[in-house]
Each structure stands twice: as structure tokens, then as C-alpha cells.
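The values are calculated or read from the model by the stated rules, or taken from the named source; none is laboratory data. The shown structure was predicted, so the numbers you read here are calculated from the model rather than taken from an experiment. Virtual Cβ from ideal backbone geometry, glycine too; neighbours counted across all protein chains shown.
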Amino acid sequence: MTTKVTTFSLRLPLSLKAAVERLAAADGTSMNQFLVMAAAEKLTAMQTAEDFFAERKGMGDKASAIRFLTRTGGEPPRPGDELPN
């Protein structure tokens, strides 16, 4: 099975292009392959997050959350985790 592809111009700032070239070379891939994989990874991450939140939408229980947040006990905040005054 052959995947159909298309070609388009991409305008990159020189510093970003240089960074992509360096990383692609270090990865042993072409700049094109590196950018295709980067786009695929980004799409996967975004779709995974959308699916995750869509699946859980409406499942929250506000009363339970308030009970949890206002419960007694637990441990005090660790150094650096205190709320600001």
C-alpha cells in the first residue's frame, strides 16, 4: 500500500531551521522525515488529550471534590508548597 503525499513550502525562522537540521542529523534522519515525525507526534498528543477529556466530561462529582478539598487531617504542605499570604 502506498501512502499519498503532498509537497508544500514551509517558512521557518533561520534559528529554528538550524535547530531542526542539527536534531535531524543527530537522529540520523532527513529534515523532512524529522518534521513529519514531529507533526505526527504532536497530532497524537493532542488527539490523546482530547479523547481523554471527552471520555471523562461530565463524570465529575462537585460535592465529592468539595468534601475532599475541605477534609480534616492529611499532612501539612511541604516546604515551598505553602499558599501565598
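What are the residues in the range 53-67 that are at negative phi and either surrounded by 10 or more Cβ atoms within 10 Å (Cβ to Cβ) or in a loop (DSSP other than H, G, I, E, B) (or both), if any? Break it down stepwise before answering.
Residues of the range 53-67 that are at negative phi, as a first pass: 53-57, 59-67.
Once the filter is applied, which keeps residues that are at negative phi and either surrounded by 10 or more Cβ atoms within 10 Å (Cβ to Cβ) or in a loop (DSSP other than H, G, I, E, B) (or both), the range 53-67 yields K57, M59, G60, D61, A65, I66, R67.
Could you list, in sequence order, the residues of the range 61-82 that are at pLDDT below 90 and of a type in the set (G, A, S)?
A65, G73, G74, G80 - these are the residues of the range 61-82 that are at pLDDT below 90 and of a type in the set (G, A, S).
Consider E41 against the criteria (1) surrounded by fewer than 10 Cβ atoms within 10 Å (Cβ to Cβ); (2) acidic (D, E); (3) within 30 Å of T6 (Cα to Cα): it satisfies all of them except one. Which criterion is unmet?
(1)
Taking the range 19-46, which residues are assigned to a helix (DSSP H, G or I) and of a type in the set (G, A, S)?
A19, A24, A25, A26, A38, A39, A40, A45
Any idea which of L12, L83 is assigned to a loop (DSSP other than H, G, I, E, B) and under 22 Å from the mean Cα position of the chain (by Cα)? Break it down stepwise before answering.
Working: L83 fails: under 22 Å from the mean Cα position of the chain (by Cα).
Of the residues listed, the single one that is assigned to a loop (DSSP other than H, G, I, E, B) and under 22 Å from the mean Cα position of the chain (by Cα) is L12.
Here are the criteria: (1) at pLDDT 95 or above; (2) surrounded by fewer than 10 Cβ atoms within 10 Å (Cβ to Cβ). Tell me which single one V20 does not satisfy.
Exception for V20: condition (2).
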